[in-house]
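Peer 1: Following this message is one structure expressed as structure tokens.
The values are calculated or read from the model by the stated rules, or taken from the named source; none is laboratory data. Note that the coordinates shown come from a computational prediction; the quantities given were computed from them, not determined experimentally. Note that we place each Cβ from the backbone using ideal geometry, even for glycine, and neighbour counts take in every protein chain shown. Accessible surface areas use protein heavy atoms only, side chains included; no ligands, DNA or RNA. Shrake-Rupley method; radii C 1.70, N 1.55, O 1.52, S 1.80 Å.
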Amino acid sequence: MAQLSDDCFAFGGALLGIDAVRKMIFERVTPVAGVEPVPLRRALGRTLAQDIAAPIDVPGYDNSAVDGYAVRFDDLDPAHETVLRCVDRAAAGHGATMALGPGEAIRIFTGAMLPDGADVVIMQEDCLREADQVTIRPGIKRGANLRRAGEDVARNSRALGAGRRLGPADLGLLAALGFVEVPVRRRLSVALLSTGDEVREPGKALRQGQVHDANRYMLAGMLERLDVDVSDLGIVRDDAASLGDVLREAAAASDLIVTSGGVSTGEEDHVRSAIANHGSLYFWRLAIKPGRPVAMGQIGATPLAGLPGNPVAALLTFALVARPMIEALSGTDPHIARRFRVRSAFDYRKKAGRREFVRVSLDRPAAGLATATRFPKEGAGMLTSLTETDGLVELPEELTRLASGTEVDFVPYSELV
Ligand code: AMP
Ligand code: MG
């Protein structure tokens, strides 16, 4: 699984901006090899390995977009009602048996093939039918209520691009094109572990000074949403030797290792020394808040993202660093989190030179932009600051003071993880 050269994450500078980090990841991390065909029903969330060219036109034939009457535009009186003779019927899956002649109309239903000679369909609401006569109101445009062959997808055009993460509508499109299976990238295998002598598995009784492992469950959830295979390596003690063993085994079996905790500069932060002893370690101080340093490294040729232990910082650094790494490794188009303009309902002061993310809840007033109210508690360990808010207000590097009432960018959690 050699995808990294040895100095892949080496990067100068004391403080790294998040845009530079993204750029570096997508420049330096190359996709793992491996493509497999999967049946359409199993392709949701997988990454397309090749461009998909349309083998057929969709729709495959000119057809009616409404229930009504297919007619010849030149037969219609532009200023007055027109009376035509209804000569046939065309339902979806059953074409008309005859072509349309002058002065004639054919009763037609949504999705039915347009009869030869017809070039417009009049909605039934704009017609009066009496026996075999149909009276049509004036005012229709040529070509109205038609769907032309190939207007959705033209044969031989590119329907979907390599790197696309397949969503439900993509599967619909592929099915419309007649595919039964599609070539997708191999699923990444990601090893996940928590570190910390105080961290205990949920279900185990806590002694004084211990906490349940929240991060592994949160991170596993985020990884699963990115459609990777997670190997859960549990909790590893703050001990360089046992960490080293676990990391070496994980590197041999995985495409990426994700850890949490143990990456600060304290002497109990053994992830750093374990990585340094068994591979190479690059220590990134990201210019963001919350989010302490992130350890990037590699054990052999397998990359490692060492996320901070505080849950809020772990979530944010996962979104900003681990997710792009996963996209780069799996050949998936980079996801760009959509930002929405909202109005801040809080004042804020910050240091210049770092991007800050403020946990907020949104209210929608009767008119105008949604307003963002800041969560009252802001510790990076505070899980309820995530569960009780809607997303993050993103404050740019250069900003130092924000006044309540200002327009700001808001990122919902669903756009991050
Ligand atoms: P660390 O980054 O190891 O210094 O940990 C920072 C803080 O996050 C400490 O309060 C840890 O107890 C806490 N922490 C570390 N790992 C986890 C975890 N897996 N689940 C919940 N809290 C954690
Ligand atoms: Mg720790």
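Peer 1: What are the ³J(HN,Hα) couplings of the stretch 30-45, residue after residue, when phi is run through the Karplus curve with 6.51, -1.76, 1.60 and θ = phi - 60°? Round to Hz, x for glycine and proline.
Peer 2: With coefficients 6.51, -1.76 and 1.60, one gets 9, x, 6, 6, x, 10, 9, x, 10, x, 3, 5, 10, 9, 4, x Hz.
Peer 1: Please give every one of the aspartates and glutamates within straight-line cross-link reach of residue 141, meaning a C-alpha to C-alpha distance under 16 Å, and leave out same-chain neighbours fewer than 8 residues apart.
Peer 2: Counting by Cα, and skipping residues close in sequence, residue 141 has these aspartates and glutamates nearby: 74, 75, 77, 81, 119, 125, 126.
Peer 1: How would you rank 91-98, 35-42, 184-191, 338-345, highest first, on the average number of other Cβ atoms within 10 Å across their residues?
Peer 2: 184-191, 338-345, 91-98, 35-42
Peer 1: Given labels modelled 7 Å from the Cα in the Cβ direction, how far is it in nm from residue 210 to residue 30?
Peer 2: According to this spin-label approximation, the distance is 4.6 nm.
Peer 1: On a 1.4 Å probe surface of the protein chains, which of 119, 51, 255 comes out largest in accessible area, and what is the full order?
Peer 2: Ranked from most to least accessible, the order is 51, 119, 255.
Peer 1: Going by a ≥ b ≥ c, the root eigenvalues of the Cα gyration tensor, does the stretch 287-339 fall in the rounded group (a/c under 1.5), the prolate group (a/b larger than b/c) or the oblate group?
Peer 2: Taking the square roots of the gyration eigenvalues as a ≥ b ≥ c, the stretch 287-339 is oblate.
Peer 1: Sequence-distant or interchain residues sharing an amide H contact under 5 Å with residue 288, placed H: which?
Peer 2: Here 355 satisfy the definition.
Peer 1: Sort 378, 224 by heavy-atom solvent-accessible area, probe 1.4 angstrom, most to least.
Peer 2: 224, 378
Peer 1: If you plug each phi of the stretch 129-141 into the Karplus form 6.51 cos²θ - 1.76 cosθ + 1.60 with θ = phi - 60°, what whole-Hz ³J(HN,Hα) values come out, in order, with x for Gly and Pro?
Peer 2: Per residue, the Karplus-derived 3J(HN,Hα) values read 9, 9, 6, 9, 10, 10, 9, 10, 5, x, x, 7, 9 Hz.
Peer 1: Order 80, 278, most accessible first, counting only protein heavy atoms with a 1.4 angstrom probe.
Peer 2: In descending accessible area the options line up as 80, 278.
Peer 1: Please work out whether the chain counts as rounded, prolate or oblate from its C-alpha gyration tensor, where a ≥ b ≥ c are the square roots of the eigenvalues and a/c under 1.5 means rounded, while otherwise a/b larger than b/c means prolate and anything else oblate?
Peer 2: prolate
Peer 1: Hey, can you grab everything whose amide H is under 5 Å from the amide H of residue 144? Only 5+ residues off in sequence or another chain; H modelled, so Pro and N-termini drop out.
Peer 2: Long-range HN contacts for residue 144: 121.
Peer 1: For n ≥ 4 DSSP H runs only, could you compute -39500 (n - 2.57) per run for the chain, divide by its residues and tell me the 222 nm figure to the nearest 500?
Peer 2: -5000 deg cm²/dmol
Peer 1: Taking only protein heavy atoms into account and a 1.4 Å probe, give the accessible area per residue of the chain in Å².
Peer 2: In whole numbers, the chain has 47 Å² accessible per residue.
Peer 1: Quick one: 3J(HN,Hα) in Hz for the stretch 336-352, Karplus 6.51/-1.76/1.60 with θ = phi - 60°, rounded, Gly and Pro as x.
Peer 2: Whole-Hz 3J(HN,Hα) from phi for the stretch 336-352: 10, 4, 6, 9, 10, 7, 9, 10, 6, 9, 9, 8, 7, 10, 9, 7, 6.
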